[in-house]
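**Student:** Please see the structure below; I have some questions.
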Amino acid sequence: METHFSEPLYTVGVEEELMILDPDSLDLVSAIEVLSGEDPPSGEIKPELLESVLEISTSPCPGVPAAATELQALRGLARDRARAAGLVIGAAGTHPFARWEDQRVVRDDRYRGLVRSLGFVARQELVFGMHVHVGMSDAEQVIRVVNALRPYVPLLIALAANSPLWRGAPTGLMSSRVPIFRAFPRVGLPPRYADWEDFERRVQAMTDAGMIEDYTFLWYDVRPHPRLGTIEIRAMDSQTHVEHTVALTALVVSLVKLLAETAAQDVAVVGPPDEIIDENRWLAARHGLAAQLYDERSGQLRGVRELSEQLLQALAPHARELGCERELEGIRDILGAGNGGQRQQMVFEANHDVRELMAEIVAATA
């Protein structure tokens, strides 16, 4: 397997999936070919599975502040291209009232192959996520950190929950994206790997059997990305406010640094059993910031806000060393004023008007 793990450590890349919308009806519009265009000065604007979805991705940046600057520029460029085409963009984990049946698949063999392979499961994947890549220097360290990240996935889901509506109605969940995407194979909680050789062997077994083309068809919440030399964290909903994307990125990078340094000390990190982590994932998607999650240290349920504050204290020195202490403080805005899901609920509950909600999302995205 081709690998590109190298110095410097903790470079940052961010990907966001955005909606392409009609400015009047706020329906999704199949217009990715109009918006992708020539490459921006830095980063990328590119298609995803559906023609109404736009992905922006930063280049590998030396730190969170640089990634934040590039991400804001990419959002601005996507907004300007949309305006020039008589369109707008929006960011959330789901579109509040769109229907997957109305969406077109992009003209790309990889994505058409997905539809052929997965059928309805691929077609109904009308959800929008954010991914964070963290640069790593050693393959064995990557496996140790990926294993250690698994128990933190539910907390990331809870903080980032931003998809309470689906197909025009409240779902009762703060992140409906999580169970919708779970219909895909090879998603959710990643397996525990013994070491890098174990990861390579298990991926090779699936590729040799013709089950997957390569490791990029493993869509777990956390995965090694050897071709890019990163760990990729894929658990979070797209954020309406770019400041929240940046704050979650700072949290992820600081957490990776903490876990990498813990792993370097040969401290055994086993974590709770898979069924407990998976139950925590469900509780986080269902309740968001109000979730009570199983805490391995106490053996009891503890609130997301309490667990988050505890984690922020542990990450503070690492964020300081990485130069993203200010960006990490954005997590406290999420904890205090609410995550995207709570803010959507507040707007929707006022008038039960999904188009008013979508208009708010568009305004906050831009």
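The values are calculated or read from the model by the stated rules, or taken from the named source; none is laboratory data. Worth saying up front: this structure is predicted, and the values here are computed from it rather than measured. A quick note on method: Cβ atoms are made from the backbone with ideal geometry, for glycine too, and the neighbour counts reach across all protein chains shown. Keep in mind that these areas ignore ligands, DNA and RNA; they rest on the heavy atoms of the full protein, side chains included. Shrake-Rupley method; radii C 1.70, N 1.55, O 1.52, S 1.80 Å.
**Student:** With (1) open to solvent by 40 Å² or more (accessible area, probe 1.4 Å); (2) over 19 Å from THR171 (Cβ atoms); (3) not basic (Lys, Arg) as the list, and GLU360 as the residue in question, which single condition is left unmet?
**Tutor:** With respect to (1) open to solvent by 40 Å² or more (accessible area, probe 1.4 Å); (2) over 19 Å from THR171 (Cβ atoms); (3) not basic (Lys, Arg), GLU360 is out only on (2).
**Student:** Let me ask something else. Just to be sure I understand the filter: pairs with C-beta atoms under 8 Å, separated by 6 or more residues or on different chains, first member in region 304-317 and closer than 13 Å to ARG332 by Cβ and surrounded by 14 or more Cβ atoms within 10 Å (Cβ to Cβ), second member at pLDDT 95 or above and basic (Lys, Arg). Which pairs pass?
**Tutor:** As it stands, the answer is LEU312/ARG332, since those pairs meet every condition given.
**Student:** If you don't mind, another one. Please indicate, with yes or no, whether at least one residue in region 290-297 is surrounded by 13 or more Cβ atoms within 10 Å (Cβ to Cβ) and closer than 27 Å to ILE361 by Cα.
**Tutor:** Checked region 290-297: at least one residue is surrounded by 13 or more Cβ atoms within 10 Å (Cβ to Cβ) and closer than 27 Å to ILE361 by Cα.
**Student:** Hey, another quick one. Exactly one of these conditions fails for LEU156: (1) farther than 22 Å from HIS244 by Cα; (2) outside any loop (DSSP other than H, G, I, E, B). Give me its number.
**Tutor:** Against the list (1) farther than 22 Å from HIS244 by Cα; (2) outside any loop (DSSP other than H, G, I, E, B), LEU156 comes up short only on (1).
**Student:** For region 239-257, does any single residue satisfy the condition of being in contact with a Ser or Thr (Cβ under 9 Å, 6 or more places away or on another chain), within 15 Å of GLU16 (Cα to Cα), among the small types (Gly, Ala, Ser) and buried (at least 23 other Cβ atoms within 10 Å of the Cβ)?
**Tutor:** Checking region 239-257: not a single residue is in contact with a Ser or Thr (Cβ under 9 Å, 6 or more places away or on another chain), within 15 Å of GLU16 (Cα to Cα), among the small types (Gly, Ala, Ser) and buried (at least 23 other Cβ atoms within 10 Å of the Cβ).
**Student:** Residues that are within 18 Å of the chain's Cα centre (by Cα) and closer than 22 Å to ASN147 by Cβ: which helices (runs of 4 or more DSSP H) entirely in region 262-345 hold 3 or more of them?
**Tutor:** Once the helices (runs of 4 or more DSSP H) in region 262-345 are filtered for at least 3 residues that are within 18 Å of the chain's Cα centre (by Cα) and closer than 22 Å to ASN147 by Cβ, what remains is 274-287.
**Student:** Would you point out which residue out of ARG192, ARG202, ARG227, ARG223 is part of a loop (DSSP other than H, G, I, E, B), of a type in the set (Lys, Arg) and under 15 Å from ILE143 (Cβ atoms)?
**Tutor:** ARG192
**Student:** Go through (1) closer than 29 Å to VAL256 by Cα; (2) surrounded by 23 or more Cβ atoms within 10 Å (Cβ to Cβ); (3) in contact with a Lys or Arg (Cβ under 9 Å, 6 or more places away or on another chain); (4) of a type outside the set (D, E, K, R) for MET1 and report which single condition fails.
**Tutor:** (2)
**Student:** Another question about this same structure. Just to be sure, is PRO40 crowded, with 16+ Cβ neighbours inside 10 Å and in a helix (DSSP H, G or I)?
**Tutor:** Against the criterion (crowded, with 16+ Cβ neighbours inside 10 Å and in a helix (DSSP H, G or I)), PRO40 does not qualify.
**Student:** Separate question: Are any of the residues in region 68-85 assigned to a loop (DSSP other than H, G, I, E, B), on the phi < 0 side of the Ramachandran plot and small (Gly, Ala, Ser)? Give the steps one after another, and end with the answer.
**Tutor:** Within region 68-85, the subset assigned to a loop (DSSP other than H, G, I, E, B) is 85.
Still in the running and on the phi < 0 side of the Ramachandran plot: 85.
Of the ones still in play, those that are also small (Gly, Ala, Ser) are 85.
Yes, that holds for at least one residue.
**Student:** Now for a different question. If you take the residues of region 110-144 that are in a helix (DSSP H, G or I), under 21 Å from VAL29 (Cα atoms) and of a type outside the set (A, V, I, L, M, F, W, C), which of them is least open to solvent (accessible area, probe 1.4 Å)?
**Tutor:** Result: TYR111.
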